[in-house]
1. Working only within the stretch 29-68, note down all residues that are at positive phi, away from the ligand (no atom under 13 Å from the Cβ) and over 15 Å from the mean Cα position of the chain (by Cα).
2. Identify, from the list 308, 283, the residue that is modelled with pLDDT of 95 or more, closer than 30 Å to residue 52 by Cα and within 16 Å of the ligand (Cβ to nearest atom).
3. Could you please find all residues in the stretch 358-411 being in contact with a helix residue (DSSP H, G or I) (Cβ under 7 Å, 6 or more places away or on another chain) and within 19 Å of residue 428 (Cβ to Cβ)?
4. Taking the stated definitions as given, is residue 337 in the same structural domain as residue 268 (by TED's automatic domain parsing) and free of Cβ contacts under 8 Å to residues at least 12 places away in the same chain?
5. In the stretch 131-161, which residues are without any contact (Cβ under 8 Å) to a residue 60 or more places away in the chain, within 16 Å of the ligand (Cβ to nearest atom) and over 16 Å from residue 200 (Cα atoms)?
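The values are calculated or read from the model by the stated rules, or taken from the named source; none is laboratory data. None of the values given here were measured: they were computed from a predicted structure. Positions of Cβ are backbone-derived with ideal geometry, glycine not excepted, and every protein chain shown enters the neighbour counts.
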Ligand code: JFZ
């Protein structure tokens, strides 16, 4: 009898644990591969905050009371919004997917939702659903769509921003009500919007001691569509139910921002996000635009570290993307047209980054991206598998001198005019 009780207890423990473990379906695994192949995505922060031209944190930063901030909805009329233009903007830049803020920390839903009247269709004079227009356009143009979704909400009474957390719940709020609200919205986002392939959660870090019911939330999403990829910007180790891992403003393993200290690199697909200036949402006074070279090298470094690069723009309140961003990204797009084979569909990280740059690869091809002038008149690529039968410059196909040894391959770069952005050397192995 005792033995049976023990067995039952053991079984119970295992099954309880099994609930929080997660086995991705074959179509989810395929979606992860495809996600990694895409490599370059467009991040968009756009909401009623855009009207103030001071970033998406303006309500919090300027301490605008919620009821005053809400008025921004009354003035939201983005007369120049054109989903087609945004999708073409992404395509022109060589991007394969778009991740857009469906709801940010201000709590305003940028999609038509039955879960709250505080949304773009019901609360603005515009009465249109930009998430639907974008989803339809993305589907037409073969661009993947992911939704950013904030767990943090500065305005809802059931969230009770600022409330102490006791037993995993805000004492002044109504946590079950808030969790249910999010579930309703996520159900709408997954079920009603065509072709949505991912959810990018954010805001967890504001309440690390709350019970976010992630098991239920992730379980719900995967039940609605098992191939939807879930990521969470919680800056911690990945949790069961997540399908990719993100790094904000840092390459995997880096921690320049101090955000990523607790997030060791997982085996999941990786994504790193950065913004084109210093702001996520439209900031009228931010002119610190990144250069073409910075963006390309960020993308190449991400690929070399086996990560996607999600590059952010904050469109203006009229719905247009500023011309400075379009100009820069058109040049990036030209570069991708010429050099994309060394980025799209590749993987990285097998051979670690070197002093001179990074290595991406496909079956039987290595791409050495020389981003910095090598210290020696050659580059050394350690631990190359297989015999190298050919080494050429990707730019013009010209042959390069190499020497292969058991510990790696030397490619001689003396006499070469290096490209200040990226000199790509293609090695074919058997
Ligand atoms: C978050 C958002 O707050 C921000 O508005 C933007 O959407 C960005 C992509 O994600 O930014 C963060 C997240 C976490 C920290 C700081 C900024 N953090 O842990 O300190």
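1. Within the stretch 29-68, 53, 63 meet the criteria.
2. Result: 283 is the single residue among 308, 283 that is modelled with pLDDT of 95 or more, closer than 30 Å to residue 52 by Cα and within 16 Å of the ligand (Cβ to nearest atom).
3. 358, 359, 360, 367, 369, 394
4. Here the answer is no, as residue 337 does not meet what is asked.
5. Hits for the stretch 131-161 are 159, 161.
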